[in-house]
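Notes for the one structure printed next.
Bear in mind these aren't lab numbers, they're just calculated from the coordinates by the rules spelled out. Here the structure is a predicted model, which means the values were calculated and not measured. Cβ: placed from backbone, ideal geometry, glycine included. Neighbour counts: every protein chain shown.
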Amino acid sequence: MSISRGQYGAHNITARNFICVAPQAKHVSVVGDFNGWNRSANPMQRGGDGNWVLRVDLKHGHHRYAYIVDGQVTLDPKAMGIARDDHGERVSLIAVS
Amino acid sequence: MDSGAMKSPATKRSPRSGTSAPFSSKRATGRIHPVITFPFRHPANLDDLGELYSLVARFDADQQTYARPITVMDCKTRAAMVKSPRHLKFRDRIAARHSDIVDAWTVDTCQMWYSGLGAAFERGGPNDVYWLIPGDFNYGSCMGKEVLSHLHDLPEICDELQEDVCIGEIATDHNNSKQLIDTYGTFALLYNWFPREAQAIRSCTERPRSEFFAVRHGFLKDMLHRRWYAYEQTVVMLLHAVIEKKTISRYLVGNISDLPEGRDSLSSAMQQVERTERVLKSFWREQHQEKAAWSEHYRQLEAQSEQVRRTALIVLENLLK
């Protein structure tokens, strides 16, 4: 699982590709403070290689996020950092600049 | 580094209310205080320090975001500059130009932190973040430049996400001395003296002795007014953070897996394990000495600790010789 940098947009927004490696999963989405931790806001698309991919526009700054793999909260093993969500649970961290 | 982008507002949504709110409204209005610990020994060349202070100059110019940087210099280092005009010139024309220099008599790096963070704290306010930057790092190398490019994330994470402390991690391979010391020394000793807290620390970071960190005003205030240890102060800070349920985050600032710069000698590695044990012993007594029969429990842990330390030293000897 990883994130790759997309192209720069206007108004300090950068597109980032979220990539979750979960070939056996039936449904994967990405949640974070950028979508209110809403599990249905950003469903990911299955790629041909079994990876789940989604490009998300993120404002500059630091964002907390996690993947929801078949209902289970899953950290990104390739995340740049780890922080806690509002409930004290570990989540992944991404910097956008 | 684009400082304008670093401080730009973003939008966040509250998980409970579902309403949008400008990110800046959650953000503190405080400033970031960079504190640089100047290398104790004069480096052979000044390229690394030159690279670091070109960044410090940028902080110094951005007064809206950053407080005036502070450089802590050991008085012995300053005295030795009399015989080294090149280093004296660097101090006077570069370091002193872009930062306020705190001259301090210190026994070890952690005491330099104490002097520098303390001086910064006295200038700071409740919403401020304090950021330690060790000067003895090869910032002029490719890997060093990568680390420099990520360092600003540490105080920004504390600021934006309201974290009490953010630890900067440098990734290493399994046989790197720093990794070996932490795996067989630091964590093994922590599991002996503070098993519950050690698990909590390891869930947050694999680098409990990192010198790259940022800390919020309130937590630094607590730490400054407690006993400060000459060694391994990051471990002590993390123990306090876990005990007091502070928020800890970590962020990857670079990777030195393929480079030899991070390697320590066997002697240095052994010393680091030994002094970690000394600090943990002292800290444990401090936490438990009010309890009945604490000394009996202490002797039991001390006996186990000796076995842990001996094992760690055997491993280090086998792998670092």
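Condition check: more than 15 Å from the chain's Cα centre (by Cα) and not in a loop (DSSP other than H, G, I, E, B). Does B:M112 satisfy that?
Working: more than 15 Å from the chain's Cα centre (by Cα): no; not in a loop (DSSP other than H, G, I, E, B): yes.
So B:M112 fails the test.
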> Among A:A22, A:A15, which is more than 14 Å from chain B (Cβ to nearest Cβ), among the small types (G, A, S) and within 25 Å of B:V253 (Cα to Cα)?
Replying inline: A:A15
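I'm trying to understand the selection: among the residues of segment B:128-146, which are closer than 20 Å to B:R250 by Cα and surrounded by fewer than 23 Cβ atoms within 10 Å (Cβ to Cβ)?
As a first pass, look at segment B:128-146 and keep what is closer than 20 Å to B:R250 by Cα: B:128-134, B:137, B:143-146.
Selection gives B:P134, B:M143, B:G144, B:K145, B:E146.
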> For segment B:155-182, what are the residues that are closer than 25 Å to B:Q272 by Cα and either hydrophobic (A, V, I, L, M, F, W, C) or crowded, with 24+ Cβ neighbours inside 10 Å (or both)?
Replying inline: B:V165, B:C166, B:I167, B:G168, B:I170, B:A171, B:L180, B:I181, B:D182
> Within segment A:68-78, can one find any residue that is facing another protein chain (nearest Cβ under 10 Å) and buried (at least 23 other Cβ atoms within 10 Å of the Cβ)?
Replying inline: no
>> Residues to consider are B:A96, B:A57, B:A80, B:A120; find the one that is crowded, with 21+ Cβ neighbours inside 10 Å and not in a loop (DSSP other than H, G, I, E, B).
In response: B:A120
> So which residues in segment A:31-67 are on the phi > 0 side of the Ramachandran plot and at the interface with chain B (Cβ under 8 Å from one of its Cβ atoms), if there are any at all?
Replying inline: A:G36, A:W37, A:G61
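Checking the structure you have, find out if any residue of segment B:282-295 is of a type in the set (A, V, I, L, M), over 30 Å from A:D85 (Cα atoms) and touching a residue at least 60 places away in the same chain (Cβ under 8 Å).
So in segment B:282-295, the residues of a type in the set (A, V, I, L, M) come out as B:292-293.
Next, from what is left, pick out any that are over 30 Å from A:D85 (Cα atoms): B:292-293.
Filter once more, so that each one left must be touching a residue at least 60 places away in the same chain (Cβ under 8 Å): none.
Checking segment B:282-295: not a single residue is of a type in the set (A, V, I, L, M), over 30 Å from A:D85 (Cα atoms) and touching a residue at least 60 places away in the same chain (Cβ under 8 Å).
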>> So B:L161 passes all but one of these: (1) touching a residue at least 60 places away in the same chain (Cβ under 8 Å); (2) more than 14 Å from chain A (Cβ to nearest Cβ). Which condition number does it fail?
In response: (2)
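For every residue, the table says whether it meets (1) out of contact with any strand residue (DSSP E or B) (no Cβ under 9 Å at 6 or more places or on another chain); (2) farther than 23 Å from B:D74 by Cβ; (3) of a type in the set (D, E, K, R).
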residue	(1), (2), (3)
B:V215	no, no, no
B:G218	yes, yes, no
B:D222	yes, yes, yes
B:H225	yes, yes, no
B:Y229	yes, no, no
B:Q233	yes, no, no
B:L238	no, yes, no
B:K245	yes, yes, yes
B:L252	no, yes, no
> Consider B:Q63 against the criteria (1) free of Cβ contacts under 8 Å to residues at least 24 places away in the same chain; (2) in a helix (DSSP H, G or I): it satisfies all of them except one. Which criterion is unmet?
Replying inline: (2)
